Amino acid sequence: MKKISRKEFIKTSAAVSAAAGIGVSLFPGMTYAKNSSSMNWHKSVCRYCGVGCGVMVGEKDGKVVAVKGDELNPINKGHLCVKSLYLPKAINSKTRLAHPMIRKNGKLEKASWEEALDLVAKKFNQIRKAHGGNALAFYGSGQAETEETYMANKLFKGCIGTNNVEGNPRLCMASAVGGYLTSLGADEPAGLYEDIEKSEMFLLVGSNTAEAHPIVFERIMRHKNKNPNVKIVVIDPRKTPTDQVGDLHLFPNPGFDLAIFNAMAFVLINEGYADKSFVEKHTFIKDNKKNIHTFEDYKKFLEDFTPEKAEKISGVPAQQIIKAARMFGKAKTSMSLWTMGLNQRIGGVWANNLIHNLHLLTGKIGVPGSDSFSLTGQPNACGGVREGGGLCHLLPGHHLVVKEAHRKKVAKVWGVPASNIQPKPGKHTIAMFSALNAGEIKGIYIMCTNPAHSLPNSRKYWKGLKEQFVVVAESFFPTMTTEYADVVLPAAFWTEKEGVYGCTERRSQYMPKVVEPQGEAIWDAFILRDLAKKMGFDKEFAKYETAEIMWDEYRGLTAGKDMNLMGAPYSRLKKVRGLTWPVPTEDHPGTYKRFTDGDPIYDSKWSSKAKSDGRRMWFYGPKAKDGKATIWMRPHKDPAEVPSKEYPYALTTGRVLEHWHTLTMTGTSPQLNRAVPKAYVEIHPSDAKKEGIKNKEMVLVESPRGKLEIEARVIDRPIPGTIFVPWHWPESPINVLCNDAFDPGSKEPEYKVAAAKITKA
Amino acid sequence: MDKKTHTALSRKSFFKEFVQHFSEEMKLDTSQYNEMFQSVTLPPGAKSVEDYIEKCNKCYDCVSVCPHSSIRVRHDENEKLSGFPIIEPRLETCQFCDDRLCVESCKTDALSSSFQDNIVSELNIDKEICHSFNERLCYTCVTNCPKTGEAIAMNKKGNPEINNELCNGCGICIQVCPAEESAIKIKSY
């Protein structure tokens, strides 16, 4: 019965739209996008997530009026998600900050650039003189351009002399970096998105791909539609739109999934899916103490993680774990994709390791269609911060502050004494904001991010922001962070500046300046340059007249590194749809697979050695030895906060498709606000019944760190015992409740699991 | 056409007639189209448009008791529901609150408790407007639908697809649609 009516209905709707097609346009407000003749279109990159979709920016009379997909871009082939369509609204929003502001008598007041920068320079120099460089800090962003982060790095690490340089990717990608370095020896995936169309099986873990990385999801979906035999396993404590494509969904209790990955390895070995010769030739098997073990030891270790034992830990039926492992093993090629669900955990690096294990164990890596592929949250977290060295232990171009040779090399390029760069890593994000609380750090420069909203347990860190000297460079005003700012500097926004974004798949793409910055806004890199000059680093910053000069200098630092970008000057990037490093020369097309045939580094340095050893891959990364990757024997680890009698629910957070981070951009679009106007807490109907909560009722969600009044959405998306809140709205900042306990390796906090209770408001 | 009951059968026959009507009258202009699928529904408890128009005495009690201001008066001279209490989901949807004060307040049986769990309606997606059918990934309607995956699901192409059998006409999809004009149209019958 249902079927017939649906069929009828489709017929009907086809007729209706045909009829509508005859009449006038039903696209009010959108006509300009179709009428492209009088517009100039510029090739660029989407401002939002880490997928890195190519966009065409439509400019008319000096104003950005439309954004559409770039059909020639290999990532999205013209498709976009709904957010990007409304980007012009963010550019032209009334919430754009037009002029610098200085806090006077507790109130932010309009100021001139001269006055504002003088004040910041004076204050920073005072602090530096009285308390040393380490009393200053920089907190950047995976949304800043590589050039911007590069300027900040030079100013703080090279000139001021502090390694207190961090960025919000610490909160989202650090565990993935740790995972790649410890497992494969080098950061960032070995493959590219094009593996999607070549893969027979997908393991989506801790990722609501459909909402957080929509175009990647669309590619997976299209691929599955064309090839119905493709299998997809989803591991997530919540039902999400991603399930649309899933063949099997495993629902672990939040934070209890490590045992599942070990159990999958157990099944893979026991049922003969392991590629023993690959394991032997290409990997070490190590335990937590880095002792090397045999395959037999590993098998023995896994006996603690039989599917039945994993069921007890994770709550996922053993049969489902076996089924998932079989799907992974049976498929000729498998691809794992994951994001915050694995990374934002105190066991984040371990969880990443365990996913890499599955691929190393079965040899499903380094061949088309097989890869362990971490999805990045922000558009330039990979490019600007991971590659650009925007974290406290890094220097640009995959260099490390602890290595003397690296410090010397970078200092020479920067034109500063090598002794300026401290040999010890600075403070990681949570330590940095704790030091701000404690008064150890007395001045901080925050660029292109909103930590007062986005930090976990954020209320705790408002104290330091309130008490210390805070400079915020931001395109939008107000934000939760500008509330604590002593100086706010208006930054040019996307399309008002040129630069490079590097997305998830190692692809660096160029973005042109299309329009002039609004109001008195200035490009972040120039603000930093001018500030540096005012602080007395005239000589060091005199040469940075254009973005290209900065990029070329940075590019030079990547020569000979695993992330070689020498073949990617602006002149080339302006023509192509990005280049995937390593790209050593200007005639090199970019690399598809790392560590194997076709990778220029492998081909020139390691290929013959590998072949004589009978290997097909050589893991040449800085953390790998003898060209081998590592299979880690990682035991289970509970989340930092396990639901208790007082706080019986596991609170987890995430994104929705329509919004982005702290709403500074998507909040400017009435259409997106209409779509998802406010925060809500998803609670399973059985839990709602138990707590006497009705749909749309106001409830109180409480964790040991704070409480929040919020609307209930009674729906069977989260599993019983779990509640979910999207984190975008400043009126309902759920991050106040999140746990700031962090992974000891990656220092990435555990946003994804907190104990909470929920009661009627 | 039998409109007395709210069964699948009657709906099927309605569809048949509807499709036939369209295939004959393909030259319908947009204004006529708009009239067929507008963004207005009857309040919960109404049996059919005909029945409602016949029985409602325009006392507007339902309008005044609705705690969510979802029920309002239709102001459109050219329309047969003009002057009657209706719901415009784009402005405010019916929340299907437990007490159904609107149904309780109705003294004429225009709104009757035997129909209060559904708003008699058909939904339709305008593919010209819908982002999803125009290479812009969007599933706002799917994720917001209280019966997600049932009343509206993403089909294999990633486009939303409505199942009117399972839809209760709450109109949340119409309210949240991020297109300038809601791509989802609703119609009471």
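The values are calculated or read from the model by the stated rules, or taken from the named source; none is laboratory data. Just so you know, these numbers come straight off a predicted model, no measurement behind them. No Cβ is skipped: glycine too gets one built from the backbone with ideal geometry, and neighbour counts run over all protein chains shown.
Scanning the range B:167-182 for residues that are facing chain A (nearest Cβ under 8 Å) and either within 17 Å of the chain's Cα centre (by Cα) or surrounded by 19 or more Cβ atoms within 10 Å (Cβ to Cβ) (or both) turns up B:GLN175, B:VAL176, B:CYS177, B:PRO178, B:ALA179, B:GLU181.
Identification of helices (runs of 4 or more DSSP H) wholly contained in the range A:338-431 with 3 or more residues that are in contact (Cβ under 8 Å) with a residue 12 or more places away in the chain and surrounded by 24 or more Cβ atoms within 10 Å (Cβ to Cβ) yields A:340-343, A:348-362.
Residue by residue, here is whether (1) farther than 22 Å from B:THR93 by Cβ; (2) outside any loop (DSSP other than H, G, I, E, B); (3) out of contact with any Leu (no Cβ under 9 Å at 6 or more places or on another chain) holds:
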{"position": "A:PRO677", "(1), (2), (3)": "no, no, yes"}
{"position": "A:GLU682", "(1), (2), (3)": "no, yes, yes"}
{"position": "A:ASP687", "(1), (2), (3)": "yes, yes, yes"}
{"position": "A:ILE693", "(1), (2), (3)": "no, no, yes"}
{"position": "A:LEU700", "(1), (2), (3)": "yes, yes, no"}
{"position": "A:LYS707", "(1), (2), (3)": "yes, yes, no"}
{"position": "A:GLU711", "(1), (2), (3)": "no, yes, yes"}
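Scanning the range A:122-156 for residues that are in a helix (DSSP H, G or I), charged (D, E, K, R) and touching a helix residue (DSSP H, G or I) at 6+ places or on another chain (Cβ under 8 Å) returns A:ARG128, A:GLU147, A:GLU148, A:LYS154.
Is at least one residue of the range A:669-677 under 27 Å from A:LEU250 (Cα atoms) and either without any contact (Cβ under 8 Å) to a residue 60 or more places away in the chain or surrounded by 15 or more Cβ atoms within 10 Å (Cβ to Cβ) (or both)? So far as the range A:669-677 goes, no, none of its residues is under 27 Å from A:LEU250 (Cα atoms) and either without any contact (Cβ under 8 Å) to a residue 60 or more places away in the chain or surrounded by 15 or more Cβ atoms within 10 Å (Cβ to Cβ) (or both). Taken over the range A:338-359, the criterion of being within 22 Å of A:ASP599 (Cα to Cα) and either touching a helix residue (DSSP H, G or I) at 6+ places or on another chain (Cβ under 7 Å) or modelled with pLDDT under 95 (or both) is satisfied by A:HIS356 alone.
Applying the set (1) at the interface with another protein chain (Cβ under 7 Å from one of its Cβ atoms); (2) within 30 Å of B:LYS80 (Cα to Cα); (3) surrounded by fewer than 23 Cβ atoms within 10 Å (Cβ to Cβ) to B:MET154 leaves exactly one unmet item: (2). When A:GLU540, A:GLU516 are checked against the criterion of being farther than 26 Å from A:MET101 by Cβ and in contact (Cβ under 8 Å) with a residue 12 or more places away in the chain, A:GLU540 stands alone in meeting it. Filtering the range A:662-671 to residues that are more than 22 Å from the chain's Cα centre (by Cα) and part of a helix (DSSP H, G or I) leaves A:THR668, A:PRO670, A:GLN671.
Looking across A:VAL401, A:VAL410, A:VAL349, one residue alone is touching a strand residue (DSSP E or B) at 6+ places or on another chain (Cβ under 7 Å) and either in the same structural domain as A:GLY206 (by TED's automatic domain parsing) or more than 28 Å from A:LYS290 (Cβ to Cβ) (or both). It is A:VAL410.
Is it the case, given these coordinates, that A:LYS198 is farther than 15 Å from A:MET340 by Cα, out of contact with any Phe, Trp or Tyr (no Cβ under 9 Å at 6 or more places or on another chain) and within 12 Å of another protein chain (Cβ to nearest Cβ)? For A:LYS198, the condition - farther than 15 Å from A:MET340 by Cα, out of contact with any Phe, Trp or Tyr (no Cβ under 9 Å at 6 or more places or on another chain) and within 12 Å of another protein chain (Cβ to nearest Cβ) - is not met. The set of residues in the range A:464-482 that are in contact with a Gly (Cβ under 7 Å, 6 or more places away or on another chain) and either in a loop (DSSP other than H, G, I, E, B) or crowded, with 24+ Cβ neighbours inside 10 Å (or both) contains only A:GLN468. Under 26 Å from the mean Cα position of the chain (by Cα) and not hydroxyl-bearing (Ser, Thr, Tyr), is that true of A:ASN288? Spelling it out, it is not the case that A:ASN288 is under 26 Å from the mean Cα position of the chain (by Cα) and not hydroxyl-bearing (Ser, Thr, Tyr).
A:ARG572 meets each of the listed conditions (1) over 30 Å from A:GLY69 (Cβ atoms); (2) without any contact (Cβ under 8 Å) to a residue 24 or more places away in the chain; (3) not in a loop (DSSP other than H, G, I, E, B) apart from (1). Checked against (1) without any contact (Cβ under 8 Å) to a residue 40 or more places away in the chain; (2) away from every other protein chain (no Cβ under 14 Å), A:LEU204 passes all but a single condition, namely (1). Can you say whether A:TYR461 is in contact (Cβ under 8 Å) with a residue 24 or more places away in the chain and either among the aliphatic types (A, V, I, L, M) or assigned to a strand (DSSP E or B) (or both), as far as the supplied structure shows? No; evaluated as a whole, the condition is false for this residue. Just one of (1) of a type in the set (A, V, I, L, M, F, W, C); (2) within 13 Å of chain B (Cβ to nearest Cβ); (3) part of a loop (DSSP other than H, G, I, E, B) fails for A:ALA98. It is (2). The set of residues from the range A:742-754 being surrounded by fewer than 24 Cβ atoms within 10 Å (Cβ to Cβ) and among the small types (Gly, Ala, Ser) comprises just one member, A:GLY745. Restricting attention to the range A:80-98, the residues that are farther than 30 Å from A:ALA111 by Cα and out of contact with any Pro (no Cβ under 9 Å at 6 or more places or on another chain) total 1. Going by the structure shown, is B:THR41 within 14 Å of another protein chain (Cβ to nearest Cβ), surrounded by 19 or more Cβ atoms within 10 Å (Cβ to Cβ), under 21 Å from B:GLU165 (Cβ atoms) and at pLDDT 75 or above? Considered against the rule, which asks whether it is within 14 Å of another protein chain (Cβ to nearest Cβ), surrounded by 19 or more Cβ atoms within 10 Å (Cβ to Cβ), under 21 Å from B:GLU165 (Cβ atoms) and at pLDDT 75 or above, B:THR41 comes out as no. Residues in the range A:694-704 that are touching a residue at least 40 places away in the same chain (Cβ under 8 Å) and surrounded by fewer than 21 Cβ atoms within 10 Å (Cβ to Cβ) were compared, and the one that is farthest from the other protein chains (Cβ to nearest Cβ) is A:PRO704. Restricting the range B:83-100 to residues that are away from every other protein chain (no Cβ under 14 Å) and in contact with a Cys (Cβ under 7 Å, 6 or more places away or on another chain) leaves a set whose member that is farthest from B:PRO44 (Cα to Cα) is B:PHE84.
So, A:THR652, is that one within 24 Å of the chain's Cα centre (by Cα), within 21 Å of A:PRO720 (Cα to Cα) and touching a residue at least 40 places away in the same chain (Cβ under 8 Å) or not? Yes, satisfied. For the range B:138-150, taking the residues that are buried (at least 23 other Cβ atoms within 10 Å of the Cβ) and not polar (S, T, N, Q), the one that is nearest to the other protein chains (Cβ to nearest Cβ) is identified as B:CYS138.
Against the definition (surrounded by fewer than 15 Cβ atoms within 10 Å (Cβ to Cβ), within 14 Å of chain A (Cβ to nearest Cβ) and modelled with pLDDT under 90), how does B:LYS80 come out, yes or no? No.
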